[in-house]
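Scroll down for the structure; my scribbles are underneath it.
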Amino acid sequence: MAHLISPSMLSANFCNLAQDIEMINQSQADWFHIDVMDGVFVPNISFGLPVIESLRKTCGLVFDVHLMITEPERYAERFANAGADIITFHYEACADPAALIKKIRELGKKASISISPKTPAEAVLPFLSELDMVLVMTVEPGFGGQSFMADQLPKIAAFRKEIIKRNLKCHIEVDGGIGEKNVDLVVSN
C-alpha cells in the first residue's frame, strides 16, 4: 500500500506563508492538509474560504481540506468551489453522512469522513464503500501541537482490515501528533 505525505497548514509560518507554500510545492509532499475550524464544532478558529482560494492559486498539490465545522453540508459546495480536491467532514458534525458523501461526489470532489478519538471505527463502516478516504484523529480535534494518542492505532488497523476485506479503494489518513518517533507505528497498523 502506498503511503502519502500531506503536511498540515497548521504547521506553516504565517509570517512567511508564501515561502512555506513554495517549500511545499518543491517538496516530495503528495497533498496539502488544510484544517478548517469554526470555533463551534471545535473551540479554535482557523482558515476559511478566502485563504483556500488564495492558496489554490499558488499551490499545485492536492488540497486535502479537513472541515472541523458544524453543519458541513451547508458549506461543501463553497469549499469545492474554493479549490478543495478532497473534502473531509466529521461524522460527529453531520446529520446525514450518506447525503453529504453523495453531494461531495456530485461536486466532482473526493469524499472523506473523519472520526474523533471517542467515536468508534464501526460508526463509519456503513459508509466505507462510498468513501475515497477515512481520517482517524489521533488527537482531539481543534488544537495543533497535541501529543499522539496511541490508543487510536486499533482504529487504523480496523479500517485497513475492512478495506482489504472488501477490496475497496479507500485511503486511510491519520491526523495529529505524528512525527519521526511514531510514524512507523502509524504506517504499520
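Here, each number is a calculation from the coordinates, and none is a lab measurement. Only a predicted model underlies this, so the values are computations on that prediction, with no experimental measurement involved. No Cβ is skipped: glycine too gets one built from the backbone with ideal geometry, and neighbour counts run over all protein chains shown.
Using a basic spin-label model with each label point 7 Å from the Cα along Cα→Cβ, how many nm lie between residue 28 and residue 74?
The answer from the label model is 4.3 nm.
In terms of modelled amide H atoms, which long-range or inter-chain residues lie less than 5 Å from the amide H of residue 41?
For residue 41, whose amide H was placed from the backbone, the distant partners under 5 Å are 70.
Just report the Cα centroid separation between region 71-144 and region 154-189, whole Å.
17 Å
When we measure straight from the Cα of residue 161, which lysines land under 30 angstrom away, once same-chain ones fewer than 8 places off are left out?
The reachable lysines, counting only those whose Cα sits under 30 Å from residue 161, are 102, 103, 109, 110, 118, 169, 181.
Out of 118, 110, 102, any idea which swings most in a Gaussian network model of the chain, alpha carbons joined below 10 Å?
In this elastic network of the chain, the residue with the biggest mean-square fluctuation among 118, 110, 102 is 118.
Can you give the net charge of the other residues whose Cβ lies under 10 Å from the Cβ of residue 136, counting K and R as +1 and D and E as -1?
Values: positive: 155; negative: 173, 175.
Local net charge: -1.
Please report the antiparallel percentage of DSSP beta bridges with both residues in the chain, rounded to the nearest 5. Could the numbers behind the result be given before it?
On the way: 1 of 27 bridges.
Rounded to the nearest five, the antiparallel share is 5 percent.
At residue 15 and residue 130, where each label point lies 7 Å from the Cα along Cα→Cβ, what is the point-to-point distance in nanometres?
4.7 nm
May I ask you to evaluate 6.51 cos²θ - 1.76 cosθ + 1.60, the Karplus curve with θ = phi - 60°, for each residue of region 53-59 and list the ³J(HN,Hα) values in order in whole Hz, giving x for glycine and proline?
Running phi through 6.51 cos²θ - 1.76 cosθ + 1.60 with θ = phi - 60° gives 4, 5, 5, 4, 6, 10, 10 Hz.
From the phi of every residue in region 74-86, what ³J(HN,Hα) in whole Hz does the Karplus formula 6.51 cos²θ - 1.76 cosθ + 1.60 yield, where θ is phi - 60° and glycine or proline is x?
6, 10, 3, 5, 5, 6, 4, 5, 6, x, 5, 9, 10
With label points built 7 Å along Cα→Cβ from the Cα atoms of residue 3 and residue 96, find their separation and express it in nm.
That separation, rounded to one decimal, is 4.0 nm.
Between rounded, prolate and oblate, where does the chain land on the alpha carbon gyration tensor, with a ≥ b ≥ c its root eigenvalues, rounded for a/c under 1.5, else prolate if a/b exceeds b/c?
rounded
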